[in-house]
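Presented below is the structure to which this report refers.
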Amino acid sequence: AQTGMTFCSDCGSGSYQDKAGKSSCEACPAGQMQPQSGMTFCASCIPQHYCPPGSIVALSCPVGSSFSGTSASSSSDCKCLPGYSGEDGRAPCRLCPAGTYQGEDEQSSCRSCPP
């Protein structure tokens, strides 16, 4: 048997290693993803999606919400769209019920329609 041999393996999807000689991989940080294995970096998340730590793919913002940047790390980073409301104006968002409306994004309540 040979001694002193080191066997390397690719880092799996959702992780990376950018330094030589390391024995472990790093999970992609929140707001980033890596769909391929054997990579030395993670890519930024994409608009309208969020990427929790260790993401392989970007996850879509829930219905009625959106995120325009590329650093969302959870569904609660997605902001409610006009016509929807949610706690602190963030997902999960609810469609405004009949007789109410919301013309702005990131709102926590809907307004009553004028008589």
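The values are calculated or read from the model by the stated rules, or taken from the named source; none is laboratory data. Remember, it's a predicted structure, so these values are computed and weren't measured experimentally. Ideal geometry is used to build each Cβ from the backbone, glycine not excepted, and the neighbour counts take in all protein chains shown. Accessible surface areas use protein heavy atoms only, side chains included; no ligands, DNA or RNA. Shrake-Rupley method; radii C 1.70, N 1.55, O 1.52, S 1.80 Å.
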Fill in: Test for residue 69: is it more than 8 Å from the chain's Cα centre (by Cα) and within 21 Å of residue 9 (Cα to Cα)
no
Worksheet item: Looking at (1) within 19 Å of the chain's Cα centre (by Cα); (2) under 30 Å from residue 22 (Cα atoms), can you tell me which one residue 38 breaks?
Response: (1)
Item to complete: Return yes when residue 37 is open to solvent by 60 Å² or more (accessible area, probe 1.4 Å), of a type in the set (Ser, Thr, Tyr), more than 30 Å from residue 12 (Cα to Cα) and not in a helix (DSSP H, G or I) and no when it is not.
Response: no
Practice prompt. Inspect segment 44-62 for any residue being closer than 30 Å to residue 114 by Cβ and in contact with a Lys or Arg (Cβ under 8 Å, 6 or more places away or on another chain) and give the result as yes or no.
Written response: no
Worksheet item: Taking interchain pairs and intrachain pairs at least six residues apart, which have beta carbon atoms under 7 angstrom, with the first residue in segment 98-115 and over 18 Å from residue 78 (Cβ atoms) and the second assigned to a loop (DSSP other than H, G, I, E, B) and of a type in the set (Gly, Ala, Ser)?
Response: 112/99; 113/99
Discussion item. Please pick out the residue among 30, 20 that is among the hydrophobic types (A, V, I, L, M, F, W, C), assigned to a loop (DSSP other than H, G, I, E, B) and in contact (Cβ under 8 Å) with a residue 40 or more places away in the chain.
Written reply: 30
Discussion item. Residue 83 - would you say it is surrounded by 14 or more Cβ atoms within 10 Å (Cβ to Cβ) and either among the aliphatic types (A, V, I, L, M) or touching a Phe, Trp or Tyr at 6+ places or on another chain (Cβ under 8 Å) (or both)?
Written reply: yes
Worksheet item: Within segment 42-66, which residues are open to solvent by 60 Å² or more (accessible area, probe 1.4 Å) and closer than 10 Å to residue 14 by Cα?
Response: 53, 56, 57
Fill in: Failed item, numbered, when residue 97 is tested on (1) surrounded by fewer than 19 Cβ atoms within 10 Å (Cβ to Cβ); (2) under 12 Å from the mean Cα position of the chain (by Cα); (3) farther than 30 Å from residue 11 by Cβ
(2)
Worksheet item: Does residue 91 meet the test of being over 14 Å from residue 106 (Cβ atoms) and either hydrophobic (A, V, I, L, M, F, W, C) or modelled with pLDDT under 95 (or both)?
Response: no
